[in-house]
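This report refers to the structure that appears directly beneath it.
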Amino acid sequence: MEGLSTDDSVRLAQLARLRCLGALGLEWQDLLHEAFIRVLDGRRRWPRDVPFVAFMAQTMRSIASETRQADLVEFGALDEHEAGEEQGPAAVLAKTDITPEREMAGRQMLLEIEALFAEDAIGLAVLEAAARGDSAAEVQVRLGLDSTAYASTLRRIRRRLTGYLLPTEP
C-alpha cells in the first residue's frame, strides 16, 4: 500500500468517490479503507496478473453494490429474497417510491447537466440518446458520427461529468 504512486492514490480516491454515488451513508474514505481491509484480512485475494488499481476498483465496486442492495432492502424497494438477484435499474426504479422531493431533485440535476453541456450540442444529444436507451449505432447514424467521433464524445462526456460530480482533490 505504501508503494502506491501519487497518481494511483489519486485514482483510487476518485474511483472511491465515484463508487459511493447512490450508496447512502457510504463515504469514499470508508469504502477505500474497507477495500484495503478485505484484502489484508484475506476476504479478497489479489490475482497477481491483475493490476492492483484495477483489482481495488473492482473490490470497491463490489462493496458499494452490496451497500446499495442493502439500502434497497432497508427502504423497501427490494424484498430480502430479491437482493441477490440481478436487477436492472428500471426494475428497481419501478419498485421505488418517487417522492416530490426526489422528483424535484432529479429535475434540478437535469437542468444542471443541460447547463453543463450548453456549449456542446453533440455531447448533449448523445446523453439524451443514452437516456432513451438508443444503441451506439443508432446515435452514430442519427448524429452523423463515425465510431472515432462517437468514442471521443463519450470520453468528453465522461470527463465533464466526472469533473462536475467529483472534486479533483483526494
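Read the figures in this text as sums done on the coordinates, not as results from a lab. These numbers come from a predicted model, not from an experiment. FYI the Cβ positions are ideal-geometry reconstructions off the backbone, even for glycines, and counts take in every protein chain you see.
Taking every eigenvalue of the Cα gyration tensor of the stretch 98-170, multiplying by 5 and rooting it, what semi-axes result, largest first, whole Å? If you can, show how the numbers build up before the last one.
On the way: eigenvalues 116, 58, 20 Å².
Each semi-axis is the square root of five times an eigenvalue, giving 24, 17, 10 Å.
Please work out how much length the chain gains when fully extended from R48 to Y164, using 0.36 nm per residue of separation minus the C-alpha to C-alpha distance, in nm with one decimal.
Answer, rounded to one decimal: 38.3 nm.
Taking the Cα centre of the stretch 1-61 as reference, the dipole from Cβ charges on Lys and Arg (+1) and Asp and Glu (-1) amounts to some 280 debye. The distance between label points at Q108 and D8 comes to 4.0 nm (points 7 Å beyond Cα on the Cα→Cβ vector). The Cβ shell under 15 Å around R155 holds other residues with a net charge of +2, Lys and Arg each +1, Asp and Glu each -1.
Once both labels are positioned 7 Å from their Cα atoms along Cα-to-Cβ, the gap between S62 and H33 label points is 2.1 nm. Here the dipole of the stretch 98-170 is about 180 debye; that uses its Cα centre as origin and unit charges on the Cβ of Lys and Arg (positive) and Asp and Glu (negative).
Backbone phi angles across the stretch 24-29, fed through the Karplus curve with coefficients 6.51, -1.76 and 1.60 (θ = phi - 60°), yield HN-Hα couplings of 5, x, 9, 8, 4, 5 Hz in residue order; Gly and Pro are listed as x.
The phi torsions of the stretch 105-112, fed into the Karplus equation with coefficients 6.51, -1.76 and 1.60 and a -60° offset, translate into couplings of 5, x, 5, 5, 5, 4, 5, 5 Hz, rounded to whole numbers, with Gly and Pro shown as x. The HN-Hα couplings worked out from phi for the stretch 137-152 by the Karplus form 6.51 cos²θ - 1.76 cosθ + 1.60 (θ = phi - 60°) are 4, 4, 5, 4, 5, 4, 9, x, 9, 7, 5, 5, 5, 5, 4, 5 Hz, whole numbers, x standing for Gly and Pro.
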